[in-house]
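A short write-up of the structure that comes next.
The values are calculated or read from the model by the stated rules, or taken from the named source; none is laboratory data. The structure displayed is predicted, hence computed values, not measured ones. Quick reminder, even Gly has a Cβ in these numbers, built from the backbone with ideal geometry, and neighbours come from all protein chains shown.
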Amino acid sequence: MSKKRCSLAHGDEEKRDARLLSSYTALIDGLREIATPDDVITNTTGPVTVDDILEATSIRIRKLLALKAHAFLIANDDFEFEIHTCRPEISRGFLNKSVESWIDDGLFSWALNQNRAVIQHDQDGGDAHVLHVITTRSRTVGMFVGRIAPDATIDDGILALLSVVLMNCASGLESLELHTALQQHNENLETLIHERTAELEIERDRAEKVAAEKSLFLATMSHEIRTPMNGVIGMAQLLKESGLNQEQQGLTNTILQSGQALVLLINDVLDIAKVEAGRLELDLAPFDMVQLFNSVVDLLKPQAAAKGVSIALKFSEHVDRYVIGDAGRIRQVILNLIGNAIKFTSDGVIKVSIDICDQCEGKQFYISIEDNGIGIREENIGRLFNPFEQSDSSISSKHGGTGLGLAICKQLIELMGGDIGVTSEYGRGSTFWLTLALPHADDSEIAQKNLLSQVEEKQIAGDTTLQGSVLVAEDNEVNQRVISLMLKSLGLSCTVANNGLEVLDHLGDSAYDLILMDCQMPRLDGYQTTKRIRSGGDAFHKIPIVALTANAMESDRKACHAAGMDDFLAKPIDQSKLKQTLERWLNPQREEPSPVSADTIRVEREAEPSANDELIDCAALQSLIDIMEDEFIGLCDIFIQNSQLKMAKLSAAIAAENSAEVVGILHFLKGSCSSVAAVQLTAMVTRIETLAKQGELKEIEQQLPALERCYRNTIDEINRLAACRAGH
């Protein structure tokens, strides 16, 4: 009996070992099957989908279990489960009914919470089913349902591997969902970015349009206001000199001062608008710092002396005399600061100091204007540089002003990379200071420019008295005014004709001793007009005709001689050369001169202004101011009005590719610019006119922005000079 029991025990152990070996082998085979790369996702034509993940999972499960059918159910947002994939598809209906019955009897819900395989045997002894939740740590994704084949091997190892496969499936589905959501979010974000970018572009275009309209409005209003104000100021000046009594003189002075204040306000508003719109550009060039400050102080000394105030100017020995910067804008700031010091100081000394800033980074100028005037309250200093604000509401009523001057100074200094501020003690005075980094300039260039300016001072040689009447043929209104006043200052009477036909009409009505003939005029130019005059008989043949032209080439002079002209004057007209020419033809004490031969004409080529030249030839302009006196302001307004119109027409003519009109406009501009000593603009217009004569309109179109920039800077400088001339 004992041997038999031992034999049975030994047999049980063998069976147990066999089962363990079979389970171990099945487990190893299962691991090998699910680890093989043969069934991984092979979709390479596009992004991975839910179907791709479920298909790969299905392949792995079928390697573990022999299944007659199986399905993957996916949970929707309402946590309702629907069959997504079924293999074979013909089993969908059967498996769907089984799922419904399991939901009804609670098996499905119970299996969802088990996180393991649940085996369900049919009560009628049919096929068994396996249910396994597809879940991650965060949420339930779905349910796997399989109908097990009768010969399938099912043990704990196989079921554990099933859990691993479905866990990987759940992770893949969740990652896919997150990736899809992220991709959708990125697409939405890109759409929002594109939409916002489009909105910003629209807003930018709208802002630029508004800025352009604002600038156009200000320019138009400036012109529309300045033109009648020129008439008001001019008439007030004439009225002042007409022998008024004391009361009438006072009323006239009030009109004159009010008009000048309004012109200054217009200029300030335009400067503020330009800075805010980012359209104010600096004109950097070498200049003489000592000369600049001396000229400002000389200009303001009479105004200060009238109040019993003196101005002391002090330069440090460490300061460079010749520097590079925007001399016009620096002059504007210094004029404003010293002008304010005079305004708020009743007596004493205004100290203007130029030194090197010890506390600044790099080499910077430190400029201070110190007065002993009314001072500024401490609580008001913070808003002193704000537009349209003054330190005290009583200031505007007592001292005048708009509060724009200091705001403009601050914006200009900051635009030049500097800083500006003030220290003040109420009742004791104020010190306005500013710092600027101005690079050193070559001394020889500045010295040469100063020498040329000194040589070009107006000198009318001799005491010869001229007599006679002159007919001026000139279509440019600026040139008409300048030449007429020059002739008047020389004691000559003159009549102006706008074109050749008017010249012929005047000659038929009156006798003239000399004709100043512009070569390019509308309707009938100077060449054709001269030929008609010379063909009119001896009386007309003897009239001296002097050509006026902006072209100083030898070919132009020879063309004048061939047409019958006797002499030649190049624009801009220099009064000393004009007087010399008139003396040659009008002086009764001299022998009648012979016409100048074209072969003996000396061509005076004007040196082309370099990029470092100032906008305005100060010496030439001073000579013009000396001649025109109070009429200078009116001349500036005429120049601005006519040139603005021509600049607008120039753009249109270039766009229309009308070369002839472009040449005509540029010639007109050249004459006007030279007459007001706008040397940079004259040089640029001359170069572009040459291109226009060659038909190079595309090249002109490329240079047009630079021309417009130079034109705007020139207009700003002329406006400042006119305002200073008016007493500011």
Tell me, yes or no, whether the stretch 137-146 has at least one residue that is touching a residue at least 12 places away in the same chain (Cβ under 8 Å), surrounded by fewer than 16 Cβ atoms within 10 Å (Cβ to Cβ) and polar (S, T, N, Q).
yes
The condition of being in a helix (DSSP H, G or I), more than 30 Å from residue 94 (Cα to Cα) and at pLDDT 85 or above holds, among 208, 190, 213, only for 190
Of (1) at pLDDT below 85; (2) in contact with a Ser or Thr (Cβ under 7 Å, 6 or more places away or on another chain); (3) not β-branched (Val, Ile, Thr), residue 54 fails just (1)
By residue number, the members of the stretch 411-435 that are free of Cβ contacts under 8 Å to residues at least 40 places away in the same chain and not in a strand (DSSP E or B) are 414, 417
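Given 372, 386, which one is assigned to a loop (DSSP other than H, G, I, E, B) and modelled with pLDDT of 85 or more? Reasoning before the result, please.
Numbers: 386 fails: modelled with pLDDT of 85 or more.
Sole residue among the options that is assigned to a loop (DSSP other than H, G, I, E, B) and modelled with pLDDT of 85 or more: 372.
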The residue that is surrounded by the most Cβ atoms within 10 Å (Cβ to Cβ), considering only those in the stretch 309-352 that are assigned to a strand (DSSP E or B) and either touching a Leu at 6+ places or on another chain (Cβ under 8 Å) or free of Cβ contacts under 8 Å to residues at least 12 places away in the same chain (or both), is 325
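Residue by residue through the stretch 510-538, note down the ones that are acidic (Asp, Glu) and within 21 Å of residue 586 (Cα to Cα).
First, the residues of the stretch 510-538 that are acidic (Asp, Glu): 513, 518, 525, 538.
Once the filter is applied, which keeps residues that are acidic (Asp, Glu) and within 21 Å of residue 586 (Cα to Cα), the stretch 510-538 yields 513, 518, 538.
Is the stretch 119-129 home to any residue that is out of contact with any Phe, Trp or Tyr (no Cβ under 9 Å at 6 or more places or on another chain) and among the aliphatic types (A, V, I, L, M)?
First, pick out the residues of the stretch 119-129 that are out of contact with any Phe, Trp or Tyr (no Cβ under 9 Å at 6 or more places or on another chain): 119, 121-128.
Okay, now just the ones that are also among the aliphatic types (A, V, I, L, M), so 119, 128.
Yes, the conditions are met somewhere in the stretch 119-129.
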Selection from the stretch 487-523 of residues crowded, with 22+ Cβ neighbours inside 10 Å, of a type outside the set (Asp, Glu) and outside any loop (DSSP other than H, G, I, E, B) yields 487, 497, 500, 503, 514, 515, 516, 517
Cβ pairs under 6 Å, 6+ apart or interchain, first in the stretch 668-680 and touching a residue at least 24 places away in the same chain (Cβ under 8 Å), second charged (D, E, K, R) and not in a helix (DSSP H, G or I), ordered by first then second residue, are 671/571; 674/571; 677/617; 679/613; 679/617; 680/613
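Being out of contact with any helix residue (DSSP H, G or I) (no Cβ under 7 Å at 6 or more places or on another chain) and at pLDDT below 85: is that true of residue 459 here? Walk me through how you get there before you give the answer.
Details: out of contact with any helix residue (DSSP H, G or I) (no Cβ under 7 Å at 6 or more places or on another chain): no; at pLDDT below 85: yes.
Spelling it out, it is not the case that residue 459 is out of contact with any helix residue (DSSP H, G or I) (no Cβ under 7 Å at 6 or more places or on another chain) and at pLDDT below 85.
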In the stretch 63-120, anything of a type in the set (D, E, K, R) and in a helix (DSSP H, G or I) is listed as 63, 89, 92, 97, 100, 104, 105
Output for Cβ contacts, cut-off 9 Å, separation at least six or different chains, first residue closer than 15 Å to residue 544 by Cα in the stretch 499-511, second at pLDDT below 85, reads 503/521; 504/536; 507/536; 507/540; 511/539
Checked the stretch 407-425 for anything surrounded by fewer than 16 Cβ atoms within 10 Å (Cβ to Cβ) and closer than 12 Å to residue 381 by Cα; matches are 421, 423, 425
Checked the stretch 677-719 for anything of a type in the set (A, V, I, L, M, F, W, C) and in contact with a Lys or Arg (Cβ under 7 Å, 6 or more places away or on another chain); matches are 685
